[in-house]
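J.: The structure under discussion is supplied below as structure tokens; questions concerning it will follow.
The values are calculated or read from the model by the stated rules, or taken from the named source; none is laboratory data. Source: prediction; values computed, not measured. Virtual Cβ from ideal backbone geometry, glycine too; neighbours counted across all protein chains shown. We work out accessible area using only protein heavy atoms, side chains counted, and drop any ligands, DNA or RNA first. Shrake-Rupley method; radii C 1.70, N 1.55, O 1.52, S 1.80 Å.
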Amino acid sequence: MIKTSLCNIAVIGGGPAGMIAAGRAAELGAKVVLIEKNEILGKKLLITGKGRCNFTHNEFDIRKFAEKFGRNGRFLYSALAVFGAREVIGFFESRGVKSKVEQGDRIFPEKGNAQDILNVLTKYLTEGKVHILLNTEVTGFKQEKGKVSQALLRDRQISADKFIICAGGKSYPQTGSTGDGYCWAEQLGHTVIPPVPALNPVKTSEKWVKEIQGLSLKNVSLKLFQNGKKQDERFGEMLFTHFGVSGPMVMDMSKNIGALLKEGSVKLILDLKPALDFKKLDKRIQRDFEKFRGRMFKNSLKGLLPLSMIPLIIKLSGIEPEKKVDYISREERNKLVHLLKELELTPTGLLGFKWSVVTSGGVALKEVNPNTMGFKKLENLYFAGEILDLDGPSGGYNLQVCWSTGYLAGESAAK
């Protein structure tokens, strides 16, 4: 094997965490090599936010931001304090990419897209004279005297003083996130929490979802039940697909759905009119029926539902579509009200890592120093990004974790 010249820091993984880690370390004067197995950097970054790149969230309060990650959120305090959402926005704006806040406090480039974010990071690496190795796959690491001494490649080895692993998780494996980092972490003595899909579309048993695939709903409520007990509840947007449901609200709930399905069956209850209780919705429907007096039932729901959903609701209600609204009984109207407030869906599983936005599980946080991102058992090894056991809701939270932990790891390694 050909041994390369010694560098200060080797960063493995050219995603958001790896690029910001390498750039920050180089900015502080370190000689850095960035190793990426894909043919380009930021392959997964380019598809975030459907290519528009929701690169952070409009939440500058560290505690409130961390709360979105549950019990593991406290681990982020130091990283967010060093390079939080405010600093990330400033980083990109100072380099020509202004931001804008959109629905749900999601932050996107004002006029550009993911490519603009990647261009900024690439320039950051160039300014720091980071040596970039593309199409280069790491196969493992060599340890000597309580340290990592080399990263092993297929045809050579990279020696460095310090190593930062930013190899991502298992989500969207088509972009290169195939879980390699978990294997390396375990080989180096680290505990890995078994990875599972998070922010994932949900499959349902109902066949009627195909009839309204592509329909997006806003301002609706979704409740998750198991054994008659409510387990989760969300408000926001969802999308019907040919296999089930998706969209921000469903994706945020998917981790809980997946975990509960291992214990037994679950139910989703969709409330299409959460702003109205049963009584108020009934009165609203009565007013509509009065307005459409003499007309057929199928022509009386235009002000109540999206057009593409009307045929389905009519079918599920059991009310004859041609029936005049004047003759709809109280019992039929009551069934319609309950259908709009309690539309049932039966999850059968998640779509899996191939369509998962992020991975839940990964490198155990108890073995990582939150003030440096350093591995407590090997003094010159650091972790950052999705490889860590951190996963938050949709809306820019998970990319912010990559920026924060990557920046802190690069800074710590360089110092």
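J.: Those residues that are open to solvent by less than 50 Å² (accessible area, probe 1.4 Å), in contact with a strand residue (DSSP E or B) (Cβ under 7 Å, 6 or more places away or on another chain) and within 16 Å of Gln115 (Cα to Cα), I need them from the stretch 49-61; list them, please.
T.: Gly49, Cys53, Asn54, Phe55, Thr56
J.: Limited to the stretch 238-292, what total is found for residues that are under 25 Å from the mean Cα position of the chain (by Cα) and not in a loop (DSSP other than H, G, I, E, B)?
T.: 25
J.: Would you please name the residue that is nearest to Leu305 (Cα to Cα), looking only at residues in the stretch 260-271 that are open to solvent by 20 Å² or more (accessible area, probe 1.4 Å) and touching a residue at least 40 places away in the same chain (Cβ under 8 Å)?
T.: Across the stretch 260-271, the extreme among qualifying residues is Ile269.
J.: Which of the strands (runs of 3 or more DSSP E) contained wholly in the stretch 304-412 include at least 2 residues that are touching a residue at least 12 places away in the same chain (Cβ under 8 Å) and over 30 Å from Thr48 (Cβ atoms)?
T.: Ranges flagged: 343-345.
J.: If you take the residues of the stretch 139-175 that are small (Gly, Ala, Ser) and over 20 Å from Asp389 (Cβ atoms), which of them is most open to solvent (accessible area, probe 1.4 Å)?
T.: Let us first name the residues in the stretch 139-175 that are small (Gly, Ala, Ser), namely 140, 146, 149, 151, 159-160, 167-169, 171.
Then drop every residue that is not over 20 Å from Asp389 (Cβ atoms), which leaves 140, 146, 149, 151, 159-160.
Working: Gly140: 5, Gly146: 46, Ser149: 24, Ala151: 0, Ser159: 9, Ala160: 10 Å².
Ranking the candidates gives Gly146 first.
J.: Another one. May I ask you to say which residue of Ile193, Ile212, Ile285 is of a type in the set (A, V, I, L, M) and open to solvent by 20 Å² or more (accessible area, probe 1.4 Å)?
T.: Ile193
J.: Go through (1) farther than 27 Å from Gly396 by Cα; (2) in contact with a strand residue (DSSP E or B) (Cβ under 6 Å, 6 or more places away or on another chain); (3) buried (at least 16 other Cβ atoms within 10 Å of the Cβ) and name the single condition Glu186 misses.
T.: (3)
J.: Could you tell me which of the residues Phe375, Phe383, Phe353 is among the hydrophobic types (A, V, I, L, M, F, W, C) and open to solvent by 30 Å² or more (accessible area, probe 1.4 Å)?
T.: Checking each option against the conditions leaves just Phe353.
J.: Please specify each residue of the stretch 288-305 satisfying the condition of being farther than 13 Å from Lys324 by Cα and open to solvent by less than 20 Å² (accessible area, probe 1.4 Å).
T.: Leu304, Leu305
J.: May I pose another question? Could you go through the stretch 361-369 and let me know if any residue there is open to solvent by 10 Å² or more (accessible area, probe 1.4 Å) and of a type in the set (Gly, Ala, Ser).
T.: First, the residues of the stretch 361-369 that are open to solvent by 10 Å² or more (accessible area, probe 1.4 Å): 365-367, 369.
From what is left, the residues that are of a type in the set (Gly, Ala, Ser) are none.
The answer is no, given that none of the residues of the stretch 361-369 is open to solvent by 10 Å² or more (accessible area, probe 1.4 Å) and of a type in the set (Gly, Ala, Ser).
J.: While we're looking at this one, here's another question. Considering (1) outside any strand (DSSP E or B); (2) without any contact (Cβ under 8 Å) to a residue 24 or more places away in the chain, say which one Thr139 fails and leave the rest.
T.: (1) is the only condition that Thr139 fails.
J.: Return the total of residues in the stretch 307-330 being open to solvent by 50 Å² or more (accessible area, probe 1.4 Å) and not hydroxyl-bearing (Ser, Thr, Tyr). Break it down stepwise before answering.
T.: So in the stretch 307-330, the residues open to solvent by 50 Å² or more (accessible area, probe 1.4 Å) come out as 307-308, 311, 315-316, 318, 320, 322-324, 326-327, 330.
Cutting the leftovers down to not hydroxyl-bearing (Ser, Thr, Tyr) gives us 307, 311, 315-316, 318, 320, 322-324, 326, 330.
Total satisfying the criteria: 11.
J.: Go through the stretch 62-83 and report how many residues are closer than 15 Å to Asp105 by Cα and either modelled with pLDDT under 95 or crowded, with 18+ Cβ neighbours inside 10 Å (or both). So that I can check it myself, show each step before the final result.
T.: We begin by selecting, within the stretch 62-83, every residue closer than 15 Å to Asp105 by Cα; these are 64-65, 68.
If we keep only those that are either modelled with pLDDT under 95 or crowded, with 18+ Cβ neighbours inside 10 Å (or both) as well, we get 65, 68.
The total comes to 2.
J.: Where the second residue is outside any loop (DSSP other than H, G, I, E, B) and open to solvent by 50 Å² or more (accessible area, probe 1.4 Å) and the first is within 21 Å of Lys376 (Cα to Cα) and of a type outside the set (Phe, Trp, Tyr) and lies in the stretch 154-181, which pairs have Cβ atoms under 7 Å and are six or more apart or on separate chains?
T.: Filtered contacts from the stretch 154-181: Ser159/Lys3; Ala160/Asn8; Asp161/Asn8; Lys162/Asn8.
Residue by residue, here is whether (1) in contact with a strand residue (DSSP E or B) (Cβ under 9 Å, 6 or more places away or on another chain); (2) touching a residue at least 12 places away in the same chain (Cβ under 8 Å); (3) in a loop (DSSP other than H, G, I, E, B) holds:
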| position | (1), (2), (3) |
| --- | --- |
| Asn8 | yes, yes, no |
| Met19 | yes, yes, no |
| Ala25 | yes, yes, no |
| Ala30 | yes, yes, yes |
| Lys37 | yes, yes, yes |
| Ile47 | no, yes, no |
| Tyr77 | no, yes, no |
| Val82 | no, yes, no |
| Ile89 | yes, yes, no |
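J.: Residues that are within 22 Å of the chain's Cα centre (by Cα) and surrounded by fewer than 24 Cβ atoms within 10 Å (Cβ to Cβ): does the stretch 16-39 have at least one?
T.: yes
J.: Of everything in the stretch 238-247, what is surrounded by 20 or more Cβ atoms within 10 Å (Cβ to Cβ) and not hydroxyl-bearing (Ser, Thr, Tyr)? Give them in sequence order.
T.: Answer for the stretch 238-247, where residues must be surrounded by 20 or more Cβ atoms within 10 Å (Cβ to Cβ) and not hydroxyl-bearing (Ser, Thr, Tyr): Met238, Phe240, Gly244, Val245, Gly247.
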